[in-house]
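The values are calculated or read from the model by the stated rules, or taken from the named source; none is laboratory data. Values in this document were obtained by computation on a predicted structure and should not be read as measured data. Glycine also receives a Cβ, built like all others from the backbone with ideal geometry; neighbour counts cover every protein chain displayed.
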Amino acid sequence: MSVEQEKTNENNDDIIVIKDLNKWYGEFHVLKDINLRVKKGEKIVICGPSGSGKSTMTRCINRLEEFQRGSLTVNGVEMIEDVKNIEAIRREVGMVFQHFNLFPHLTILENLTLGPIWVQKKPKKEAEATAMKYLERVKIPDQANKFPGQLSGGQQQRVAIARSLCMNPEIMLFDEPTSALDPEMIKEVLDVMIELANEGMTMLCVTHEMGFAKKVADRVIFMDAGEIVEQNTPEEIFNNPQTDRLQLFLSQILDH
Amino acid sequence: MKEFKPLPDQPAPNDTVGPIHWVKDNFFSSAMNTIATLLILALLATVVPPLVDWLLISANWSGTTQDACTKDGACWVFVIAWSKQFFYGSYPTEELWRINLCVLMLIGVIASSQLLNKDWRNKFSIPAFLLLPFVCILILDGSWIGLEYVSTDYWGGFALNVLLAAASIIVAFPLSFVWALGRRSEMPFIKSVSILLIEFFRGVPVLALFFMGSVMLPLFFPEGTNVDKLVRVWIVLTLFMAGYMAEVFRGGFQAVPTGQYEAADSLGLSYWQKTLLIILPQVIKVSMPNILATFVMLFKNTTFLLIIGIFEVLSTTQTALTNSNWLGGHSTEGYLFVAIVFWICCYSMSRISASIERKLDTSHKN
Amino acid sequence: MSEKPQVKSSPSFFNNPRNRSIIYQLLLLFGLGYFFYSIISNTLANMEARGIQSGYDFLFNTAGFDILMSLIPYDATNTYGRTFIVGLLNTVLVSIIGIILSTIVGFIMGVAHFSHNLLIRKLATAYVETFRNIPLLLQIFFWYFAVLAALPSARQSMSLGEVIFLNVRGLYFPGLTPEGGASVVYAAIAAAIIGIFVLKRWAKKRQDDTGQQFPVLWVSLGMLFGLPLLALIVMGFPFAWDIPYLKGFNFRGGVTVIPELMALALALTVYTGAFIAEAVRAGIQAVPHGQTEAARSIGLKEGKIMKLIIVPQAMRVIVPLLNSEYQSLVKNSTLATAIGYPDLFTVFVGTTLNQTGQAIEIVFMTMAVYFVVNMTISFLMNRLNSSVALTER
Ligand SMILES: Nc1ncnc2c1ncn2[C@@H]1O[C@H](COP(=O)(O)OP(=O)(O)OP(=O)(O)O)[C@@H](O)[C@H]1O
Ligand SMILES: [Mg+2]
């Protein structure tokens, strides 16, 4: 079945559909019966204690990790063991990492144009114009010809966001984008993310920035021990936790 | 409020864990891998059995002459008959205890550095290690300490390789440290002389240095001076080693954080106090893996001395192979034996170096 | 204010850092001066006492000895100067062979370390750990005295299709003698090489302008082999095969690789290859896994990730290490002396020095050669380094 055919099969507005997803690292059961539906344009914040499987679940969505059981459909394309499918999905999904992962041997501009030139096969001029547009949106157009090592952490993370945006993704995944940053840089990155959210991007964001969650999230997902324990609107999650586990978690992070 | 009970862990699906999956994952994960696995297995199946047969099963172990080698496997009799020569050269038999004593002392010093605590290691093991080669030279020579004099013409075999390598690195240590300091110096003349020295001894083939030592060095001394051949070799090896180690130390200096220099300055220490007390220990620590690697190179290169006629182990082997009683073509056995001896020494040193490197790596992260 | 501790207005002469530094440097200068003075005067005295000539006139004297192998015409009536050239060319030959082969072996073994196949991984580790921990000279002897010396005699040669022969005297393979029209083939080779450069620039420009990619590698390979092949066919193969044949106790014709060269090249390849494999492994390991993940997440294919992300970053680590390995290889090629391969060392520092006794001049010339060769390698590798380090693709 070709990619195009599969796309038309699903005709609801859920852009990500995860059904009974299970994943093991060797004998270790990391993700247990994960079920999740994400609507187009929805903003989801994922939180939970360390080691609960937040990163692993997020990384399954663009197939940086494989899973053993269950199914995952992204933008109508089902994830199967097929290079073409994986490529199709990765084209729809952008990802921002905790440690930025910029390419140190390329300039900022080259970091941004790499995907458009080699994946989308755009002419260089056009790719550079798009790149500059996104650099302006993350407010660092003047750094275009520097190398990543010459930028501050906050600037690097904004470049990483712009790099993903250059590929015109439908969905953006963020894995603790601010936790490697100094406090004053966190705000500049969050501002960019809030702006992105306001423009209607579908976002899945692993973060412990509760202020951000309250401001933009449509839904907060709380994970522990490889399961989704609770999911609800930010108000409900923060003010009216349903389980003892979430209450304990909230008391711990609010203690700071 | 609900109590959260985690779902029970389920066993992983059968096709992703267990020995069968492990075999599949490691040997047959793709068509290419399957082909590679089969090819390698076929290769091993054709090579290993005859090899084992030759090395062990139909090898000749007992006897004293070539005629004892009747089976068509390896003639280890050759190695056994010559083993004294391989290890001790032609050092007089009744004096061999001296070499054994030196080996024992070496083992003792190495063991002490592992067993003693840090304090005693600094007080005993390190000075002992630094003095050992000189003590051994005195013992082996004998004339200075009232033993029978054994001329260096009789020194040889693997013991000589070890002795020369050890004696060279110990003199090269302070020398290379001074060169490395010189290279960092702000005094232009001192700096350029140091660079020239370092680059010269690193850039010239060590064989050319040996030739310099044997054909040119005699010309440099006043007429009539006769410098022992081994001493000349020792000088050359030391300078060669010093060139390489100076570069290792330079890397070590760069790895010491600048804060350390500033801290030392703020204590009001003089240049030499600062360098010897604060910087040197740290430089040695971070350079240790590379020092060992350089030593392994030096140790392997002691075999090159065969070319200028020093009776180190490889040249003893060549002598044994051309001995008229042993002309049956035992070169494979001979070389294999020497190779194994070197391999054990060099491989263990490279393991030690790797483990120090790992330790350094983690201590830096903390 | 008046209670400020008394500061000496003029520190003692020796405590002034500037003066100190001048004194140290003068001391070193005098020390070195004395050292060289005594060496030179001793040397001159010794040379006079032993009746050793000095100067470079000997280079124009007749050598009077034969050399086992020479890339240029040479016989015993030629000069010592020519022995220098013969030796130099032989050194360059074995170095180039060694560098090319050890690079191939090293890269294969270094990449094999990351194979999904456990057997391949173990094999690569075993190779590296075995051969870099055994002295090179021992390996040369092993290949020369134990392996190559055990090959069959000329009459019982091993052969490949009766055109390539291997025996105790060496490896023989067919040579090509150009006939009329061969120049067309040479021209085709040159055209293919130029064409590849043009193609590369054109493809890059086209991609910049339109975004379309072009399979440069495959088309280049096609051109490199296709054009000369076409020329060969059109010209009706303008070469004559010079196939080695057995005459008496030895082979005639074709190209001969003497066992000394084979043993030396083999040992240098295997030994240096182990070090290069380590360098390659270190280079690849130096690229964090996050780089691959980031590249995957923007949708690059695995091959492109290798080409655009991993290789450029790994090369920054590998190239400086390669530089020093290549230099070691050239220096180690002097071990040729031990088995009599006529490299610069064997011919010049060996025989020529023995016959003329002019140690100073000969050792000086030889060292100068190794310096120049190594500088050249360094220069080329630095060029390569700056090109892999900074260009995008
Ligand atoms: N490559 C791996 N191999 C084996 N176990 C792994 C691997 N990666 C993660 N794990 C384990 O899987 C579990 C979930 O990891 P994951 O990184 O998803 O947690 P997380 O919720 O993102 O935690 P954190 O907040 O610390 O980032 C952890 O217990 C971790 O130890
Ligand atoms: Mg995580």
So A:ILE46 passes all but one of these: (1) assigned to a strand (DSSP E or B); (2) away from ligand 2 (no atom under 14 Å from the Cβ); (3) within 13 Å of the chain's Cα centre (by Cα). Which condition number does it fail? (2)
Condition check: under 22 Å from C:LYS205 (Cβ atoms) and acidic (Asp, Glu). Does A:GLU110 satisfy that? yes
Outside any loop (DSSP other than H, G, I, E, B), more than 16 Å from ligand 2 (Cβ to nearest atom), hydrophobic (A, V, I, L, M, F, W, C) and in contact (Cβ under 8 Å) with a residue 12 or more places away in the chain: which single residue out of A:MET172, A:MET223 fits that description? A:MET172
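Results for (1) within 16 Å of ligand 2 (Cβ to nearest atom); (2) in a loop (DSSP other than H, G, I, E, B); (3) of a type in the set (Asp, Glu), shown as yes or no for each residue.
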| residue | (1), (2), (3) |
| --- | --- |
| A:GLU184 | no, no, yes |
| A:ILE194 | no, no, no |
| A:CYS205 | yes, no, no |
| A:HIS208 | yes, yes, no |
| A:PHE249 | yes, no, no |
| A:GLN252 | no, no, no |
Which of the residues belonging to the stretch A:119-169 are assigned to a helix (DSSP H, G or I) and basic (Lys, Arg)? A:LYS124, A:LYS125, A:LYS133, A:ARG137, A:ARG158, A:ARG163
Here's a check for you: in the stretch A:115-126, which residue that is touching a residue at least 40 places away in the same chain (Cβ under 8 Å) and facing another protein chain (nearest Cβ under 7 Å) is nearest to ligand 2 (Cβ to nearest atom)? A:GLY115
Over the stretch A:171-185, the set of residues of a type in the set (D, E, K, R) and within 16 Å of ligand 1 (Cβ to nearest atom) is A:ASP175, A:GLU176
Which listed residue is surrounded by fewer than 13 Cβ atoms within 10 Å (Cβ to Cβ), touching a strand residue (DSSP E or B) at 6+ places or on another chain (Cβ under 8 Å) and modelled with pLDDT under 90, from B:THR70, B:THR64: B:THR70
Close pairs from the stretch C:172-200: first assigned to a helix (DSSP H, G or I), partner buried (at least 16 other Cβ atoms within 10 Å of the Cβ) and small (Gly, Ala, Ser), Cβ under 8 Å, at least 6 apart: C:VAL184/C:ALA231; C:VAL185/C:ALA231; C:ALA187/C:ALA231; C:ALA188/C:ALA231; C:ILE196/C:SER220; C:LEU199/C:SER220; C:LYS200/C:SER220
Quick test of your reading of the structure: A:LYS122 fulfils all but one of (1) farther than 30 Å from C:ASP208 by Cα; (2) more than 16 Å from ligand 1 (Cβ to nearest atom). Name the failing condition by number. (1)
Out of A:LYS40, A:LYS54, sole residue that is away from ligand 2 (no atom under 16 Å from the Cβ), under 28 Å from A:ALA213 (Cβ atoms), under 18 Å from the mean Cα position of the chain (by Cα) and charged (D, E, K, R): A:LYS40
Are any of the residues in the stretch A:29-37 away from ligand 1 (no atom under 16 Å from the Cβ), of a type in the set (S, T, N, Q) and either at pLDDT 90 or above or within 18 Å of the chain's Cα centre (by Cα) (or both)? yes
Does B:TYR91 satisfy the criteria of being under 21 Å from B:THR316 (Cα atoms), in contact with a Pro (Cβ under 9 Å, 6 or more places away or on another chain) and aromatic (Phe, Trp, Tyr)? no
Filter the stretch A:140-160 for residues that are within 21 Å of the chain's Cα centre (by Cα) and more than 13 Å from chain C (Cβ to nearest Cβ) and give the result. A:GLY153, A:GLY154, A:GLN155, A:ARG158
Do any residues in the stretch A:90-111 that are more than 15 Å from C:GLY290 (Cα to Cα) have Cβ atoms under 7 Å from those of residues that are within 16 Å of ligand 2 (Cβ to nearest atom), where the two are at least six apart or on different chains, and which pairs are they? A:ARG90/A:ASN62; A:ARG90/C:SER297; A:VAL93/A:ILE61; A:VAL93/A:ASN62; A:VAL93/A:LEU173
Kindly indicate which of A:LYS146, A:LYS122, A:LYS139 is over 24 Å from C:VAL311 (Cβ atoms) and out of contact with any Lys or Arg (no Cβ under 6 Å at 6 or more places or on another chain). A:LYS139
Kindly state which helices (runs of 4 or more DSSP H) lie completely within the stretch C:208-310 and contain at least 1 residues that are over 30 Å from C:ARG121 (Cα atoms) and modelled with pLDDT under 90. C:216-234
Top-ranked residue in the stretch A:38-52 [being within 14 Å of chain B (Cβ to nearest Cβ) and surrounded by 20 or more Cβ atoms within 10 Å (Cβ to Cβ); ranked as nearest to ligand 1 (Cβ to nearest atom)]: A:SER52
Quick check: is even one residue across the stretch A:83-99 more than 16 Å from ligand 2 (Cβ to nearest atom), away from every other protein chain (no Cβ under 12 Å) and closer than 15 Å to C:GLY299 by Cβ? yes
Check off (1) without any contact (Cβ under 8 Å) to a residue 24 or more places away in the chain; (2) in a helix (DSSP H, G or I); (3) within 13 Å of ligand 1 (Cβ to nearest atom) for A:SER55 and give me the number that stays unchecked. (1)
Regarding A:TRP24, is this residue touching a residue at least 40 places away in the same chain (Cβ under 8 Å), facing another protein chain (nearest Cβ under 8 Å) and in contact with a helix residue (DSSP H, G or I) (Cβ under 8 Å, 6 or more places away or on another chain)? yes
